[in-house]
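Notes to accompany the following structure.
The values are calculated or read from the model by the stated rules, or taken from the named source; none is laboratory data. Values in this document were obtained by computation on a predicted structure and should not be read as measured data. Positions of Cβ are backbone-derived with ideal geometry, glycine not excepted, and every protein chain shown enters the neighbour counts.
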Amino acid sequence: MASTAERIRGYMAAHKQEMIEFLGDLVSIPSTTYHEEQAVLWLKNKLTAYGYDKVSIDPAGNCLAAIGRGKTTVLCDAHIDTVEPGTEEAWGFNPLEMKIFNGALSGRGVVDDKGSLAALVFAGRALRDLGLENEVTFLLSASVAEEDVEGSCVRAMMEHAGTLPDAVIVAEPSNMMVVRGHKGRALIKIEVLGKAAHASAAHHGENALIKSLPVIQAIDSWRDFREDPFLGKGSIEVTKAVCDTPSLNTIPGKVTVFADRRISCGESKQQLLDELAPLTGSTGAAASIDIEEITTYTGHRIVQENYFPSWVMDEDHPLIASALEARRDITGKDSHAVRWDFCTNATYLCGIAGIPSVGFGPGDPALCHGSAEVLAIDDLVCASAVFAQAALIFGRKMG
């Protein structure tokens, strides 16, 4: 594999400028969540021109393409949607016009997640152009709506495809480290009921806002979480309270409290609700997992229960071992696998569907969503080589 790694490194070095230009063009196309159509269509045309096979857009709007005819299929996923670009005042330039300075790239999405997507595109090209396409089937997905409902649109993608890949590489910024798990999350909705009344005659009612305060305080003070040896403890934070009241001079008859629950040990939906019972029972409040209805840019409707489980892979799993080996082959440095502190599409791909998954990507996750998204060019090129090498090694191990 050492000689193969050298060939892949050489290929990426030769295509560095083309990769930068590809990323710059992709950044210039606005693709905020639920508005990805233009970017997806542009990418579909580029993948066809690059020689990818079976290039298609599924009903949810994800773009899917393949290179290779190996017995083992590795799905390599990066989301194409971004958060809002932000203002020129905040960035110092138009964030949709990627800037190059001091060996780095800056603009909306270079880190989250168009840089990883560009690296994947050229990883697949390398496998084909270097004559390695018989060793693995490299399945590339540019998924949509990840920033809002991670996991939901790749679920739609897998259901439409009808078959599951043998493994998944989730391409998200990881500071060039191999990732073998992350916490999940659930959005919990707690409804506290009272009785609405005019504020001048509040004694005729029951103020649901005041009634909700002990619930909010109990949640804020609660620390009795199970702990995973790798992911650590879960957490819960109150994030919003909505008062159901017709006017500002009416005490609310209902308050809905929303809480973000970070899941560390794969707790089921029922377990999450059961653990809240002692905190809400005295008020008669009803807790449930929030349900969100979204419509993608294609008009595809998804009803998503806001429950996204955690996932962890053993470090000695062949997929994790392959990614670590690939990183060492390309960078010359040993490392161990780490965790992400945020959620990705792996919540479905690994956490629910059970497909072996690994995370990796160029860029610092701390720079996501801000006005200082900066990606080192060397990391972009190196990550592309690692993606190709990791898929190749896993294909050889399993073939």
Original post:
Within segment 230-265, which residues are in contact with a strand residue (DSSP E or B) (Cβ under 8 Å, 6 or more places away or on another chain), of a type in the set (A, V, I, L, M, F, W, C) and not in a strand (DSSP E or B)?
Top reply: 230, 231, 265
Subject >> Residue list for segment 266-292, restricted to those being surrounded by fewer than 18 Cβ atoms within 10 Å (Cβ to Cβ), touching a residue at least 12 places away in the same chain (Cβ under 8 Å) and in a loop (DSSP other than H, G, I, E, B) >> reply: 266, 284, 290
Original post:
In segment 361-381, which residue that is in contact with a helix residue (DSSP H, G or I) (Cβ under 6 Å, 6 or more places away or on another chain) and buried (at least 18 other Cβ atoms within 10 Å of the Cβ) is farthest from residue 330 (Cα to Cα)?
Top reply: 373
Original post:
Taking segment 203-229, which residues are surrounded by 14 or more Cβ atoms within 10 Å (Cβ to Cβ), of a type outside the set (Val, Ile, Thr) and assigned to a helix (DSSP H, G or I)?
Top reply: 208, 209, 211, 212, 213, 214, 218
Original post:
So residue 95 fits all but one of (1) surrounded by fewer than 18 Cβ atoms within 10 Å (Cβ to Cβ); (2) assigned to a loop (DSSP other than H, G, I, E, B); what number is the exception?
Top reply: (1)
Subject >> Selected residue (only one of 385, 366, 353 is assigned by TED's automatic domain parsing to the domain that holds residue 86 and either touching a Phe, Trp or Tyr at 6+ places or on another chain (Cβ under 7 Å) or assigned to a loop (DSSP other than H, G, I, E, B) (or both)) >> reply: 353
Subject >> Residue list for segment 325-344, restricted to those being farther than 15 Å from residue 313 by Cβ, in contact (Cβ under 8 Å) with a residue 12 or more places away in the chain and in contact with an Asp or Glu (Cβ under 7 Å, 6 or more places away or on another chain) >> reply: 343
**OP:** Keeping to segment 263-289, report how many residues are hydroxyl-bearing (Ser, Thr, Tyr) and within 20 Å of residue 350 (Cα to Cα).
**Re:** 2
Subject >> Out of 56, 31, sole residue that is exposed (fewer than 15 other Cβ atoms within 10 Å of the Cβ) and not hydrophobic (A, V, I, L, M, F, W, C) >> reply: 56
Original post:
Of all residues in segment 118-151, which are under 20 Å from residue 351 (Cα atoms) and part of a helix (DSSP H, G or I)?
Top reply: 146, 147, 148, 149
Original post:
Has segment 300-312 got at least one residue that is outside the structural domain of residue 109 (by TED's automatic domain parsing), surrounded by fewer than 16 Cβ atoms within 10 Å (Cβ to Cβ) and either in a helix (DSSP H, G or I) or not acidic (Asp, Glu) (or both)?
Top reply: yes
**OP:** Among residues belonging to segment 141-159 that are surrounded by fewer than 24 Cβ atoms within 10 Å (Cβ to Cβ) and touching a Leu at 6+ places or on another chain (Cβ under 9 Å), point out the one that is farthest from residue 299 (Cα to Cα).
**Re:** 158
